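A short worksheet on the structure shown next.
The values are calculated or read from the model by the stated rules, or taken from the named source; none is laboratory data. If you're wondering where the values come from, they're calculated on a predicted model, not measured in any experiment. Methodologically, a virtual Cβ is constructed for each residue, glycine included, from the backbone with ideal geometry; neighbour enumeration extends over all protein chains shown.
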Amino acid sequence: MTRSVFAASALLLLGACSSGGTSPVVNVIKEVILPPKPDEAPAPTGSSTLTREKIDQYGLALIRARIEGEDITNLLTGTALNGHYVTYISSYRQNITMLGTLVTGTRGLGGDLLAVRNDANDPVAVLTPASDWPTALTRDYRFPGVGPAGKTISVVCNLTPSPATQITIVEVTYDVTPFTEVCKGDGVEFTNTYHTETDTGQIWRTLQWIGEKRGYINIDVLEPLTIE
């Protein structure tokens, strides 16, 4: 399933929107994720349903994200690449930046996460087979605060695997090893979860903490990015 999907067409998203036009990518996003208005019945054609065929047709790096506790799920496309950091954007111009599957920044979500420092062997940031995941790691989460440096929360995280299982995301079933990650430090405690493809280390589904104001974000990886 993995392919180089950071296509030139994705880069047209920002240019098309800024010039007053509407990008085909924006139309695609609106077609598959925007919920109907309360007084509107769902289209009988099922055009709002995301299918694997549509994902394959788009030819773009795609994730699906939802803030824990909210009803709206957004589809985001990979639109910017800085080294190995990929920024995904929704039709609402909300941004999520990820290193591998580690969320390292958010914009437009409120109480945004500015940056994350991770260990070199962080398996969420670097593809690592489930059998090679460490039992502990450290991270620094940086948020807006007084002064240019903002506020940094440093945590130690302990990782625990669960028995292998299967999950299905948009018609594709994956053999995964679930991991629970309990992080503590600087007066905070939170728990992240990862559903990791056992052999490759690709994380297909994750629940991650993005700060005290927004709590957690659920992410499904629909089409991962291969950086060549």
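Descriptive notes on the structure:
- The residue that is nearest to residue 193 (Cα to Cα), among those in the stretch 122-156 that are in a strand (DSSP E or B) and in contact (Cβ under 8 Å) with a residue 60 or more places away in the chain, is 141.
- Flag if residue 92 is in a loop (DSSP other than H, G, I, E, B), of a type in the set (Ser, Thr, Tyr) and without any contact (Cβ under 8 Å) to a residue 60 or more places away in the chain: yes
- For the stretch 108-137, a residue qualifies if it is among the charged types (D, E, K, R) and modelled with pLDDT of 95 or more, and the qualifying residues are 117, 119, 122, 132.
- Checked against (1) more than 10 Å from the chain's Cα centre (by Cα); (2) under 19 Å from residue 153 (Cβ atoms); (3) not β-branched (Val, Ile, Thr), residue 99 passes all but condition (1).
- Number of positions in the stretch 164-180 that are in a strand (DSSP E or B), of a type in the set (A, V, I, L, M) and either farther than 14 Å from residue 200 by Cβ or touching a helix residue (DSSP H, G or I) at 6+ places or on another chain (Cβ under 7 Å) (or both): 3
- Residue selected from the stretch 41-72 under the condition over 21 Å from residue 217 (Cα atoms) and of a type in the set (Gly, Ala, Ser), by the criterion modelled with the highest pLDDT: 59
- Any hit, the stretch 107-121, residues being surrounded by 15 or more Cβ atoms within 10 Å (Cβ to Cβ), part of a strand (DSSP E or B), free of Cβ contacts under 8 Å to residues at least 24 places away in the same chain and β-branched (Val, Ile, Thr): no
- A single entry from 132, 71 fulfils the requirement of being acidic (Asp, Glu), out of contact with any Cys (no Cβ under 8 Å at 6 or more places or on another chain) and farther than 16 Å from residue 181 by Cβ: 71.
- Looking across the stretch 156-207, the residues that are surrounded by 18 or more Cβ atoms within 10 Å (Cβ to Cβ) and either under 18 Å from residue 119 (Cβ atoms) or modelled with pLDDT under 95 (or both) come down to 157, 159, 179, 181, 183, 190, 192, 194, 196, 201, 203, 206.
- First in the stretch 215-228 and under 10 Å from residue 100 (Cα atoms) and of a type outside the set (D, E, K, R), second anywhere and surrounded by fewer than 21 Cβ atoms within 10 Å (Cβ to Cβ) and at pLDDT 95 or above, Cβ under 7 Å, 6 or more apart: 224/202
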